[in-house]
Amino acid sequence: MLLVIVRLPWAGDLGMHAATVQRLRHDLLHPGNPLVDVDTPSPYYSPWMLVLGCVAKLTGLSVFVVLRIGALAGLALLVTGVRRYVRTLSARPVAPALAFLCLVLLWGPVLFNWSGFLGLNSLALTVSYPSVFALGLSFHLWAWLTRVLREAGAATGEGAADAERAADDWGVWLRLGLLWALVLLCHQFTGVVATLGALAVVISARPDRRVLLRVGGALVMGVVLLALWPYYDFFALFSAGADLEAIHRSLYTHLAGRFGLALLGVAALALRLRRDRRDPLVLFFLLGLLVVAAGGATGHYSWGRALPAVLIPAQLAAALETVPAGGRAVRTGWACALGAALAVGAWAQAGTLGYAVGRDALPAVVAAKYRPPWGGYQWITPWVKYGDVVMARTLPSRQIPAYGPYTVAPGYPDVFLPDQGRRDAAVARYFGPGTSADGRWAMIREYGVQWVVGTAVAPDPWLRRVTGGPAGQTLYEVRR
């Protein structure tokens, strides 16, 4: 993963996060929309991105160097968080290492990449995203909450006074509430997973009313931070439109191929359930399954982003079932089954090696599994400057703002942009075959377009070809 961070392969939402840092480095207080030249809030202006924006502003480092720094921090937080949380579930020295192997490899034979999902290939492509940082915080949240609740439950017998003082420390509980809200602000979908995991920890601990009061105080503190965050209205996200559901519909397809190896973890959870009806991993799994199933049944497909709440406890259970006390033959048999599943998962994601060493260094059979990342639009930067407006289709619009320019329409759905539909339609009409030259010029003027990027662009008299790029793309300057 450290080698991957050096290369920082570009795919998915990297351009969005780079554009967010770009806007914050230029104006920390009023950054505006990260993709289009309008003044709207954005859920991408999270506390973590604000920190990275400050780093970029204070150091003068390029956005992509800052994202590498963020990737290092997120990866470190994830590794330490997994270790801390697994330590609350098992004292065996090998448990954290096995757990991490299961988290990144115990998926399925069909490659699957999505922000907030910890498969090795997905992690390689999203390691600089806020979702990885938020997942790391989530594991730390679960570990901290588990420890505090255990201290509260130990408030009997020898050491009861110390444990009771720890349970009554309102400062600890309020900091837990702030950490919970921080996860939600940094990546809202991961925040749902963090909430389900924390709820499982609380239910498993069977706290008394005194402790429940403090849990309630932590929740209130978290909600206050969510309400006061100045960069966007967190609670407005609950009214996100149908576009969000359409994007996530595919999460409910090819489930066996994408996640089938995690069924070994479901078997492990069944064994844990036999030993403890309130096992925290079992409760976590059931809560996640309830949310995901409800989303599929009601057409709220964005609820499928809670799938990590199903997968993470299953993957951890598969690792932990290898190291409990018990018969050696049983442990050996389980270890062999887990080893075979991990080998299948590793082979399915073997192409990830290309993001670390390059495709040319891979054997042919592994190179066939490699999916090349996007090429980027650095070839336009000698001419297109920060704040310029570019007319481009969806895929270029997902990358061009990373270098500082804006596009006419955002490359991603934006719940805070009221005229997104109109902007999308304008781009479609501009590049459509039935639009007149006068119609294209009207759109150029309406949106203040200074550049056009694309293939097979109409040869209008106000366009001057500047340079060519990959895959037959061309950059044109708009002459007024």
Within region 97-106, which residues are within 22 Å of the chain's Cα centre (by Cα) and farther than 14 Å from TRP334 by Cα? ALA99, PHE100, LEU101, LEU103, VAL104, LEU105, LEU106
Scan region 37-59 and tell me whether some residue there is touching a strand residue (DSSP E or B) at 6+ places or on another chain (Cβ under 9 Å), outside any helix (DSSP H, G or I), open to solvent by less than 10 Å² (accessible area, probe 1.4 Å) and hydrophobic (A, V, I, L, M, F, W, C). no
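Which members of region 287-313 meet the condition of being of a type in the set (Ser, Thr, Tyr) and under 15 Å from SER250 (Cβ atoms)? Full working, then the answer.
Within region 287-313, the subset of a type in the set (Ser, Thr, Tyr) is 298, 301-302.
If the condition is that a residue be of a type in the set (Ser, Thr, Tyr) and under 15 Å from SER250 (Cβ atoms), then TYR301, SER302 are the ones that fit.
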Selection from region 370-390 of residues that are assigned to a loop (DSSP other than H, G, I, E, B) and either open to solvent by 40 Å² or more (accessible area, probe 1.4 Å) or in contact with a Lys or Arg (Cβ under 9 Å, 6 or more places away or on another chain) (or both): TYR370, ARG371, PRO372, PRO373, TRP374, GLY375, THR381, PRO382, TRP383, LYS385, TYR386
Would you check if there is a residue in region 69-77 being under 30 Å from ALA368 (Cβ atoms), open to solvent by 10 Å² or more (accessible area, probe 1.4 Å) and modelled with pLDDT of 95 or more? yes
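From the list LEU226, LEU261, which residue is surrounded by 13 or more Cβ atoms within 10 Å (Cβ to Cβ), in a helix (DSSP H, G or I), within 20 Å of the chain's Cα centre (by Cα) and among the aliphatic types (A, V, I, L, M)?
Details: LEU261 fails: within 20 Å of the chain's Cα centre (by Cα).
Answer to the check: LEU226.
I'd like the full set of residues that are of a type in the set (A, V, I, L, M, F, W, C) and either open to solvent by less than 10 Å² (accessible area, probe 1.4 Å) or at positive phi (or both), limited to region 3-15. Before you say what the answer is, go through the steps one by one.
Keep residues of region 3-15 that are of a type in the set (A, V, I, L, M, F, W, C), which gives 3-6, 8, 10-11, 14.
Matches in region 3-15: VAL4, ILE5, LEU8, LEU14.
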Please find, within region 391-434, the residue that is most open to solvent (accessible area, probe 1.4 Å) out of those that are more than 20 Å from VAL63 (Cα to Cα), in a loop (DSSP other than H, G, I, E, B) and modelled with pLDDT of 95 or more. ARG393
Between a first residue in region 106-118 that is at negative phi and a second residue that is in a loop (DSSP other than H, G, I, E, B) and among the charged types (D, E, K, R), which pairs have beta carbons less than 9 Å apart while being 6 or more apart in sequence or on different chains? LEU111/LYS369; LEU111/ARG371; ASN113/ARG371; SER115/ASP13
Filtering region 435-462 down to residues that are assigned to a strand (DSSP E or B), of a type in the set (A, V, I, L, M, F, W, C) and open to solvent by less than 20 Å² (accessible area, probe 1.4 Å) yields VAL452, VAL453
Reported set for region 281-310 where residues are of a type in the set (A, V, I, L, M), touching a residue at least 60 places away in the same chain (Cβ under 8 Å), in contact with a Phe, Trp or Tyr (Cβ under 9 Å, 6 or more places away or on another chain) and surrounded by fewer than 24 Cβ atoms within 10 Å (Cβ to Cβ) is VAL291
Taking into account only those residues within region 110-147 that are among the aliphatic types (A, V, I, L, M) and assigned to a loop (DSSP other than H, G, I, E, B), which is nearest to PRO280 (Cα to Cα)? LEU118
Which numbered condition trips up ARG278, out of (1) surrounded by fewer than 16 Cβ atoms within 10 Å (Cβ to Cβ); (2) outside any loop (DSSP other than H, G, I, E, B); (3) in contact (Cβ under 8 Å) with a residue 12 or more places away in the chain? (2)
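The values are calculated or read from the model by the stated rules, or taken from the named source; none is laboratory data. These numbers come from a predicted model, not from an experiment. Heads up, the Cβs are rebuilt from the backbone with ideal geometry, glycines too, and the neighbour counts pull from every protein chain shown. For accessibility, only protein heavy atoms count, side chains too; no ligands or nucleic acids. Shrake-Rupley method; radii C 1.70, N 1.55, O 1.52, S 1.80 Å.
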